[in-house]
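Remarks on the structure that follows.
Please treat every number below as a calculation from the coordinates, not as lab data. Predicted, not measured: the structure shown is a model, and the values here were computed from it. Glycine gets a Cβ as well: all are built from the backbone with ideal geometry, and neighbour counts include every protein chain shown.
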Amino acid sequence: MKVNKTLAHFYHYAFPMQTALVTCNDDKGKTNIITLAWHTPISRTPPLYGISLSPKRYSYDCIQKTKEFVINFIPYALAPQAHYCGTHSGRNNDKAKNTHLTLTPSTKLKTPLIAEGYAHLECTLVKTIPIGDHDLIIGEVVAATADDHAFTNDLLNIEQQQPLYYIGDNKYTTLDPAARHEF
Ligand SMILES: Cc1cc2nc3c(=O)[nH]c(=O)nc-3n(C[C@H](O)[C@H](O)[C@H](O)COP(=O)(O)O)c2cc1C
């Protein structure tokens, strides 16, 4: 039997969502980190990646100013750091320092990577589309890097590399590598 549900949390039905840490610099070159669950590839050619970002976020101002950002895909073990970066603003926090995450140079941008992530997409800002209470920020992926053991034929080795997923309400999970169909 189907029951009617309120629309208050309609977006919860898309959970669990893979949760990434996005690095971005302010106009003085200081790096901020934001946790994002609403993000997705949106074009193969050109390679475009979309993030849904509230204009209230400090990271929004950073990305508008520097016109670049890095998507860092992270392991489940970094749930505490992701939760911290998703519940504190860089306006009054040095999140890299407070989480002890390691910032390391990217290949093409001024914005650094998070070394503890297993894969990284370096993006330059292409377009900001006002949508609703979040804007769609579209980045062109200008470089991709990953830990050498993380992927085989560009597919994630989920036995070794457990990605972080958010299930809402301050709860995080990961994949069960034994749950699989192969065709
Ligand atoms: C798991 C998780 C996922 C989040 N996903 C998003 C998101 O997709 N878009 C967004 O604008 N905020 C998202 N947030 C909220 C921001 O991460 C949060 O407001 C953060 O403190 C903003 O930091 P900033 O002010 O330094 O940019 C998420 C928070 C958590 C905990």
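Once you divide the Cα radius of gyration of region 1-93 by 2.2 N^0.38 Å, the number left is 1.25.
Extending 7 Å from Cα along the Cβ direction at S89 and again at A178 yields two label points whose distance is 4.5 nm. Relative contact order, whole percent, for region 36-78 stands at 22, derived from Cα pairs under 8 Å and 6 or more residues apart.
Once the Cα gyration tensor of region 78-183 is diagonalised, what are the square roots of 5 times its eigenvalues, in whole Å and ordered largest first, as equivalent ellipsoid semi-axes?
25, 20, 18
Extension gain for N157 to K67 (0.36 nm times residue separation, less C-alpha to C-alpha distance): 29.2 nm. The relative contact order of region 97-172, computed from alpha carbon pairs under 8 Å that lie at least 6 residues apart in sequence, is 21 percent. Region 40-55 and region 14-36 have their alpha-carbon centroids 14 Å apart. Give the aspartates and glutamates reachable from K127 as a straight Cα distance under 13 Å; neighbours fewer than 8 places away on the same chain don't count. Correct list for K127: E68, D135, E140. For Cα pairs less than 8 Å apart in space and 6+ apart in sequence, what is the mean separation divided by the residue count of the chain, i.e. the relative contact order in percent? RCO, the chain: 25 percent.
The Cβ shell under 13 Å around T145 holds other residues with a net charge of -3, Lys and Arg each +1, Asp and Glu each -1. Taking other C-beta atoms within 10 Å as the exposure proxy, R57, R180 rank R180, R57 from fewest upward. For the listed peptides 35-42, 69-76, a ranking on the average number of other beta carbons within 10 Å per residue, highest first, reads 69-76, 35-42. Whole-Hz Karplus values for region 121-134 come out as 10, 8, 10, 10, 5, 9, 7, 10, 10, x, 10, x, 7, 10 Hz, taken residue by residue from phi with 6.51 cos²θ - 1.76 cosθ + 1.60 and θ = phi - 60°; glycine and proline positions read x.
On the basis of the beta-carbon distance and an R0 of 22 Å, K171 and F10 show a calculated FRET efficiency of 0.75. Would you mind counting up the charge near K108? Only other residues with Cβ under 10 Å from its Cβ, with Lys and Arg at +1 and Asp and Glu at -1. Result for the neighbourhood of K108: -1.
Apply the a/c threshold of 1.5 to the C-alpha gyration tensor of the chain and tell me whether it is rounded, prolate or oblate. Verdict is rounded for the chain.
Less than 12 Å Cβ to Cβ from H12, Lys/Arg counted +1 and Asp/Glu -1: what total charge do the surrounding residues give?
Overall, the nearby charge balance is +1.
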